[in-house]
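Structure record follows, encoded as C-alpha cells.
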Amino acid sequence: MTNLKKLIASSALGLAATAAAQNSVDAPTTGDQAFELSGFTVFGDHYDSIGAATRLPLSNRETPQTISLIDSSRLEAESMYNMDDVMRNVTGVNVSMYDTQRPLYFSRGFQITDFQVDGIPTYSGDTNQEFDTALYQRVEILRGANGLFSGSGKPSGTVNLHRKQAGKNLTASVTQTVGSWDYLRTQVDVNTPITSEGKFRSRFVAAYTDRDSFRDRYHEDKLAYLATFSADLAENSVLTFGFQRQDNEPTASVWGTIPPLAADGTPSELPHTTNFATDWAYWHRHSSTAFVNLEHALNDRWQLKAAINHTTGDEESLSTYANAYAETWLNKEDGSGVVITGYSWDSADQRDSIDLYLNGKFDLFEREHDVVFGASHSEYESVALNTTTGFAGTPYNYTIPNFYEWDGSAPEMKLAYLPGQGIVRTKQTGLYSSTRLRLTDALSAVLGGRITKWGTIDYGRDDAGATSFVTSEFEIDNEFTPYVGFTYDLNENLTFYGSYTTIFEPQDGVDASGSILDPVEGNNYEIGLKSSFAEGRATFSAALFETTQDNFAVADPLNPDPLESGKYPQIGVDGTKAKGIELQLSGKVTDDWSMIFGYTHNDTSRHEGDPIWTNLPIDLVQLSTHYQFPGQWNRLAIGGGATWQSEIIGSQFIPGQGNVEISQDAYTLVNLHVNYAISENVSATLSAKNALDEIYLANLDYPQFGEPQNFLLSLKWEY
C-alpha cells in the first residue's frame, strides 16, 4: 500500500509537470449542457435508456419503477467522494449509520443491501461497504424489490455502480483536495490508448485519502484504485478486463453507540466529538475484484453479454464500545460508571460470479418488441477465525475511572486465536428473462421472471480443515420471482405506469418440528405518473407504493424451550409494511439554472416481533440546485442542496430502568458548492457540507452523531 501511495503522488506531480499541449476533455459546461436532466437525477451526460430494473433498453418513462441516476460530473461538482454523499441526494433514500464504518441506507422502509458493480452483485456486509466514488462513472439507484436479477435480498432497492471505462483518446486529470480535520485527498485518472487508433486502450484511476475527524482520536487511511483494459476484438466485439481494489484502514474507529441518556435518565450531554474507541482500536477492511466483460453484437438487433467477477475481501478488528447493558452507566456527577467492552475478529470472504445474457428485438403482430434471456451463478464463502476476545471467546472489559478525563488510553486488547473456524458457504443459480411487449402505440407490458436455486451451509471446522459441527444447512429449489409492469402513454408528455415486483430472502430459523422456515417474501406494489414538459426541459414523477415483508422469523411464543439441536423454535409472521408517496420534479428553470425537488412520505408499520427498524423518518424532503453563470461569468457555477427529515423516535436501555424512549427532532442538512474554471485546464471547487452546522443524531437504534460543518477545497488539472 505504501508503494501505491507513492505511485499516486508521483503520478500527480508528473502529470502536472507535463501540461503542454492543452486539450481539455471536460471543459466548463454552459447553456443546455449544464445540469442536463433527461428524466434522471443527473447532469453532464445524457442517458437515453437504462436497464437497472429489467436490462431492457427502456427510457425513464418506459420503466415501471422509480430510478435515479447520478453521474461523474455531478459527483465531481459537489465533491461526492463517498456513498453517503451520493445517497443523501437520492429522492426516497434515508441515510443513517451504526458507526463510522457501517453506513446504512433505507428505501421503501427497508435497508438497501443489494449493491452491484456493472450489474453483478459484489457486496459483502463485512468487507466492502464503503465504496469510493472515484472508480465509478455513474451510480443508478432503483427503488423497490429487484429479485429479477438480484435473486435474494430485501424489497428496498438496488444500487448499481458503473465502473469507469477506457476510452480511445488520451486524457488525464489530477485532483487535489484539502479540507476540515486535516483532510487530504489525491485523485489521479489517466486514460491511454495502447494503439494509435484506440483499438486497444487502458485506464488507471486511483484515489488516496488521509484524514482525521471531528471525533476524538479517529483517523482514516483509504486507498482505492482501478486498472481496466478494453479491446475491440472485431467490429462487433469488445472485451474489457481489469482489477480494482479498496483498502480502508481507520484507527480509533467507532463501533457501537453514543448513548444520549445518562444513568439517571436525563440527557447525557456528551459532546458530538465523543468517541468510546481506545487509541489502539482499529477496524481494517480490504476488498478487490478481478473482472472480465465481453459484449458481442450478433447483428443490428441482437447482442450477447457475459461478465465474470472474482471478489475477495478481508477484515481485522480490535473494537470497543460503551456498554450500556453493563451493571453501571454514566454518572454525570463524577464521570464514573462507564464500562467499555471489546471484541476482536479476523475474517475473509470470497465471491465468484458469472452472468450471461442475450438481449434483442423481435417482431410479432406487426410490432417490434424487446426481450432478454439470461443465466447467472454465484458462489460465496466466508471464513471467520476464532479469536480469544471474539464472539465465541471472552470479551474485553475495562471500566473508565472518570470518562470526562479519559484520553482513550486503556490496557491493550490482544488479537490472539483459539482453535477452529466458522464457515458460511452459499451457492446461487438463476435463470431469468424479461420482455417489453408493445401491445398498442400507447400501451406496453413489461414482464419477467426468474427461477432460483439456492443452497447454504453454516458450519465449524478445526484447524486441520475437518468439519466439527454444522450449525445449519438448507436448500431452496426453483424459487420463482415474477416481475409484472405496464406503461400507458396518456399523451405525448404523460405516462401512467404500474408494477408488481418481488424478492425472497432465505433464513435459517426452524419451527417446533425442526424444519427450516420458508424464505422471507418481499413484495413491492407501485403505480404512478411520469411526465416530461417544457420541450423536454423538465420532468415530473409521482409514485404510490406499498412494500411488504412476510414470513419473517420471530420466536415461537408457544414453544419457548430450545430443541435438541440447540436452536429455539421460530414462526414466520406477516405484517411488516411500508406505504407512501414519492414525488420528484426536476428540470431547467432557465437555460442556466437547474433544480431537483423530491418529497417522500413513508409510513412503516411492523409486526411486534419483527425488529426490522424502529426509527425511520416518515417525511423526507430533498432539494438540489445548480446555476451556471452566463456570458462573461460562465467560468463560475454555484449550487447547493438541502435534506429535511421529520422527527424520529427510538429507545435506549438504561440499567435498572429498561428501555427509555428517546427522540431526534426534525432537522435540515444544507450543502453548498462553488465551481470555477481558472483556465481551460484548471478548475477549482469549494464545498461546504452541513453548512449550517446542524448537530444531530444520525441513528437512534445505535445512536451516533452526524458529521458537523466541514469544508473541502479541490483543485483539478486535466489534459
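The values are calculated or read from the model by the stated rules, or taken from the named source; none is laboratory data. Not measured: the values here are computed from a predicted model. Cβ sites come from the backbone with ideal geometry, for glycine too, and all protein chains shown count toward neighbours. These accessible areas exclude ligands, DNA and RNA; they are computed on the full protein's heavy atoms, side chains included. Shrake-Rupley method; radii C 1.70, N 1.55, O 1.52, S 1.80 Å.
On a per residue basis, the convex hull of the C-alpha atoms belonging to the range 175-243 measures out at 91 Å³. Of the trypsin sites (Lys or Arg not before Pro) found in the range 175-233, none is in coil by DSSP with at most 12 other Cβ atoms within 10 Å of its Cβ. Reported value for the range 236-308: 174 Å³ per residue, from the convex hull of its C-alpha atoms. Accessible surface comparison of Val371, Val484, probe 1.4 Å, protein chains only, largest first: the order is Val484, Val371.
For the pair Phe711 and Asp352, a Förster radius of 51 Å applied to the C-beta separation gives a FRET efficiency near 0.75, rounded to the nearest 0.05.
Helix-derived [θ] at 222 nm for the chain: sum -39500 (n - 2.57) over DSSP H runs of at least 4, divide by residue count, nearest 500?
-1000 deg cm²/dmol
Would you please classify the overall shape of the chain from the alpha carbon gyration tensor, given that a ≥ b ≥ c denote the square roots of the eigenvalues, rounded means a/c under 1.5, and beyond that prolate means a/b larger than b/c while oblate covers the rest? Judged from the Cα gyration tensor, the chain comes out rounded (a/c under 1.5). Here the dipole of the chain is about 1860 debye; that uses its Cα centre as origin and unit charges on the Cβ of Lys and Arg (positive) and Asp and Glu (negative). Computed packing ranks the peptides 260-269, 68-77, 680-689 as 68-77, 680-689, 260-269, most packed first, by mean other Cβ atoms within 10 Å.
The lysines within cross-link reach of Lys199, meaning a Cα-to-Cα straight distance under 26 Å and a gap of 8 or more places when in the same chain, are Lys164, Lys168, Lys305. Here the accessible area of the range 260-305 is 57 percent carbon and sulfur, with a 1.4 angstrom probe and all protein chains present.
Taking Cα pairs under 8 Å and at least six residues apart, what relative contact order does the range 217-372 come out at, in percent? Averaging sequence separation for qualifying contacts and normalising by length gives 20 percent for the range 217-372.
Report the relative contact order of the chain, percent, no decimals, based on alpha-carbon pairs under 8 angstrom and at least 6 residues apart. Please report the intermediate quantities before stating the final value.
Working: 2061 pairs, mean separation 90.4, N = 719.
Normalised by residue count, the contact order of the chain is 13 percent.
Tell me the carbon and sulfur percent of the accessible area for the range 138-191, rounded to whole percent, probe radius 1.4 Å.
Summing carbon and sulfur atoms, their accessible area is 50 percent of the total for the range 138-191.
Placing Ile258, Ile571 in order of accessible area, with the largest value first and a 1.4 Å probe, yields Ile571, Ile258. Modelled label positions at Val674 and Tyr325, each set 7 Å beyond Cα in the direction of Cβ, lie 5.0 nm from each other. Compute the Cα gyration tensor for the range 97-244, then decide on rounded, prolate or oblate, letting a ≥ b ≥ c be the square roots of its eigenvalues: rounded whenever a/c is under 1.5, prolate when a/b is larger than b/c in the other cases, and oblate in all that remain. In terms of gyration-tensor shape, oblate.
The distance separating the Cα centre of the range 329-388 from that of the range 465-482 comes to 17 Å.
Which of the aspartates and glutamates could a cross-linker bridge to Lys332, judged by Cα under 12 Å and excluding same-chain residues fewer than eight apart? Qualifying aspartates and glutamates at Cα under 12 Å: Asp264, Glu269. For the residue pairs Lys222/Lys453; Lys530/Lys577; Lys154/Lys222, the alpha carbons lie more than 31 Å apart in Lys222/Lys453. As a fraction of the 1.4 Å probe accessible area of the range 313-397, surface on carbon and sulfur atoms comes out at 54 percent.
With protein chains left intact and a 1.4 Å probe, residues in the chain average 42 Å² of accessible area per residue. Of all lysines in the structure, those lying under 24 Å Cα to Cα from Lys567, and not within fewer than 8 positions of it along the same chain, are Lys427. Note: relative contact order over the range 557-619, using C-alpha pairs below 8 Å and six or more positions apart, is 28 percent.
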